[in-house]
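Read the structure below first, then the notes.
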Amino acid sequence: MKNIELSACEEMIMTIIWNNEAELDLAAVMTQTNERYHTAWKPQTVSTFLARAKKKASYQKGRYSYYQPLVSKEEYRKMKLLALLTQFYDNDREAMKKDIMA
């Protein structure tokens, strides 16, 4: 599994990409992100976050870039959970489970 770090804003954008089966262009990513997260991001803002995540989820078709995940949502979620387990629970799955169930 690739180790990928995403900022909170990149995670928001990647969630939009992960939740779509169709190819998305900049306008679609911006519209869906603004609707889902009640943001008012302009194309340049979304473009900046996409540029940061570009190696993680894009390809070129003609003069347009389209965004699809190179790492699945499930892989990313597992990576984040393992990082939490290591960082906060010293790999003690039972302690983590106890906190989650509390």
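The values are calculated or read from the model by the stated rules, or taken from the named source; none is laboratory data. Fair warning: this is a prediction, and the values are worked out from it, not measured in the lab. Positions of Cβ are backbone-derived with ideal geometry, glycine not excepted, and every protein chain shown enters the neighbour counts. Keep in mind that these areas ignore ligands, DNA and RNA; they rest on the heavy atoms of the full protein, side chains included. Shrake-Rupley method; radii C 1.70, N 1.55, O 1.52, S 1.80 Å.
For residues that are under 29 Å from N20 (Cβ atoms), assigned to a helix (DSSP H, G or I) and either open to solvent by 50 Å² or more (accessible area, probe 1.4 Å) or modelled with pLDDT of 80 or more (or both), tally how many sit in region 49-102.
The total comes to 19.
Quickly run through region 13-38 and pick out the residues that are part of a loop (DSSP other than H, G, I, E, B) and modelled with pLDDT of 95 or more.
Correct list: H38 only.
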